[in-house]
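The values are calculated or read from the model by the stated rules, or taken from the named source; none is laboratory data. All values derive from a computational prediction rather than experimental measurement. Positions of Cβ are generated from backbone atoms using ideal geometry, with glycine treated the same way; all protein chains shown enter the neighbour counts.
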Amino acid sequence: MAVERLTVIDRAAFLRRREHRAVRVAALLGLLALWELATRIGWVPALFLPSPLGVIGELAGMASSGQLFVHLAASLRRLFLGLAVGAGAGISAGVAVGFFSLAEAVGQPLIAATFPIPKIALLPLLILWLGIGEASKVTVIALGVFFPMAINTYTGVRQADPLLIRAAVSFGAGRADVIRKVVIPSALPMVFAGLRLAAGTALLLLVAAEMIGAESGIGFLVLQAGNLMETTKLMVGIAVLSLLGVASHWALSGLERLAIPWKHT
Amino acid sequence: MRVSIEKLSKVYRDRDGRQVIALEDVEFDVEAEEFVAVLGPSGCGKTTLLNIVAGLLPASSGQVTFEGERRPGTPLTATVFQEFALFPWRTARANVEFGLEELGLPGSERAARARRYLDMTGLAGFETRFPHQLSGGMRQRVGIARALAVEPAVLLMDEPFSALDAQTRALMMEELLAIWERTRQSVLYVTHNIQEAVYLADRVVVLSRRPGRVIEIEPIALGRPRTEAYQGDPAFIRAVDRIWGLIKAQARSALGEERG
């Protein structure tokens, strides 16, 4: 046998992933620059695809004229009302169905049967019932929010550690205290996961509702701009909607950090 | 207070619908200020017994009675759990205050009592930590402080140290004995560890494998306050050997069952 002396090398080096921070920023800026360039030199007509700088300019103009905020305020009002009503009802239903066996017997088949209905299909019916005003818009958003909230809360409640419930009872907790001090805090992470889902659904339904018989709102803005071939204005609407999506994600993350400090410290 | 456990049996059905006898005619007392250890192999119904005494599970037959003087506003029992069972969303102090809230104590008294028992269990300075920020040993100290704080007539302990590493366990047992010397509370302590039972208890109730029956009640003739030095005492070693003799055959048959 030959005598050898070998130094160990890191054979798993190719598995380690680097972050490539600069590339991330460059990719995004590069795409925007390419887009700007494409419209400047006339590869694509501005009517089909307005330039990014043009969209930003239009946004600034609409902001200074106040037109943007009229639409934004109308949309935010519907969004918040729908989210609040839907989340309130969904969380209450989820806790009840998750904790009380009778509520589960009643609620679970009902939710399972109504959950698959695409909520947007209910909008004409809701308009028939509630009129074309705010009530039908808020209701369709609330319905879309209700289901992910109810189902997630239910799951969170069912996942509450039975040992913790037993511990609470052993220290004298009754039904109300078990729900308030054990079941609800246990379900909070699932509730927030539900809120994230619900926020996306709410935005979708908001735009859809505002495209049917509204005189204000970002969805209305987008539809109207499209009808008038004001593509730049249309793009402003889309940009504002995506900013709303990002903002709601950030707001929920912040809220979650506050509400669930034991998961983040 | 004194606890009498009389002719206690627990029968339940397993998933296949078969009857399983967890406990059969279990009978013993815990005197006031007495430390009783219940020793048995896994699956002998120790935890079931503790749950019945705590009023968290109904017995199939027999009864548990508490007799004697009880200070007003104190519960009959409080439990220290094997897996700690701390509320992850509550800080150490808020966990200790849980039972006090349920007793309906005003905020100022809750804070004072929580402080006293957090100090007693060596948790001063850790009051605002959440359970996940504490080591296993510290977590169980919170569990012990939470149970002591309600000042129960009988303290129930369900294998409180079995989830800890050996060194931490040894230290925690010493601390438990020191605390017990101060509070002199009736304790019902469940364990599968013979040394632990003999080291801590005044009497060791030895249970058989399923169905759990009392094989023997072994008085431990060691002085108090107990220190680690007692673990080399001939009386300690004799007691451990005697109890091991009682359950060795059963442990062996359990080993065979698990293999086959």
Just to be sure, is B:D16 assigned by TED's automatic domain parsing to the domain that holds B:E216 and loosely packed, with under 15 Cβ neighbours inside 10 Å? yes
From the option list B:L118, B:L177, B:L200, B:L134, single residue qualifying as in contact (Cβ under 8 Å) with a residue 24 or more places away in the chain, in contact with a helix residue (DSSP H, G or I) (Cβ under 6 Å, 6 or more places away or on another chain) and on the phi < 0 side of the Ramachandran plot is B:L118
If we take the stretch A:171-233, then helices (runs of 4 or more DSSP H) inside it with 1 or more residues that are within 14 Å of chain B (Cβ to nearest Cβ) and either touching a residue at least 24 places away in the same chain (Cβ under 8 Å) or not charged (D, E, K, R) (or both) are A:175-178, A:184-211
Looking across the stretch B:7-25 at residues that are among the acidic types (D, E) and under 26 Å from the mean Cα position of the chain (by Cα), the single one that is farthest from B:G43 (Cα to Cα) is B:D25
Selection over the stretch A:146-170 where residues are within 19 Å of A:L255 (Cβ to Cβ) and either in contact with a Phe, Trp or Tyr (Cβ under 8 Å, 6 or more places away or on another chain) or within 14 Å of another protein chain (Cβ to nearest Cβ) (or both) yields a count of 1
Out of (1) loosely packed, with under 14 Cβ neighbours inside 10 Å; (2) more than 30 Å from B:R13 (Cβ to Cβ); (3) over 21 Å from the mean Cα position of the chain (by Cα); (4) not small (G, A, S), the one B:P225 does not meet is (3)
The residue that is surrounded by the fewest Cβ atoms within 10 Å (Cβ to Cβ), considering only those in the stretch A:226-254 that are within 13 Å of A:L59 (Cα to Cα) and small (G, A, S), is A:A239
Practice task
Can you confirm whether the stretch A:127-145 contains a residue that is part of a helix (DSSP H, G or I), within 14 Å of chain B (Cβ to nearest Cβ) and touching a residue at least 12 places away in the same chain (Cβ under 8 Å)?
Solution key: no
ask   = Being of a type in the set (D, E, K, R), closer than 16 Å to B:G45 by Cα and either surrounded by fewer than 24 Cβ atoms within 10 Å (Cβ to Cβ) or in the same structural domain as B:T48 (by TED's automatic domain parsing) (or both), is that true of even one residue in the stretch B:151-168?
value = yes
A:A103: passes all of (1) under 24 Å from A:L252 (Cβ atoms); (2) of a type in the set (A, V, I, L, M, F, W, C); (3) more than 18 Å from the chain's Cα centre (by Cα) but (1)
Within the stretch B:165-214, the residues that are among the small types (G, A, S) and within 17 Å of B:A251 (Cβ to Cβ) are B:A197, B:S208, B:G212
Among residues of the stretch B:62-93 being without any contact (Cβ under 8 Å) to a residue 60 or more places away in the chain and part of a strand (DSSP E or B), the residue farthest from the other protein chains (Cβ to nearest Cβ) is B:G62
Query raised in the report: Yes or no: B:T128 touching a residue at least 12 places away in the same chain (Cβ under 8 Å), farther than 21 Å from B:L164 by Cα, surrounded by fewer than 17 Cβ atoms within 10 Å (Cβ to Cβ) and within 14 Å of another protein chain (Cβ to nearest Cβ)?
Result: yes
The residue from B:T128, B:T77 that alone is touching a Gly at 6+ places or on another chain (Cβ under 9 Å) and among the polar types (S, T, N, Q) is B:T77
In the stretch B:116-159, anything more than 25 Å from B:L39 (Cβ to Cβ), touching an Asp or Glu at 6+ places or on another chain (Cβ under 8 Å) and not in a loop (DSSP other than H, G, I, E, B) is listed as B:L118, B:A149
Here is a check on your reading of the model: is A:F48 within 24 Å of A:V236 (Cβ to Cβ) and of a type in the set (F, W, Y)?
yes
By residue number, the members of the stretch A:3-28 that are surrounded by 10 or more Cβ atoms within 10 Å (Cβ to Cβ) and part of a loop (DSSP other than H, G, I, E, B) are A:H20
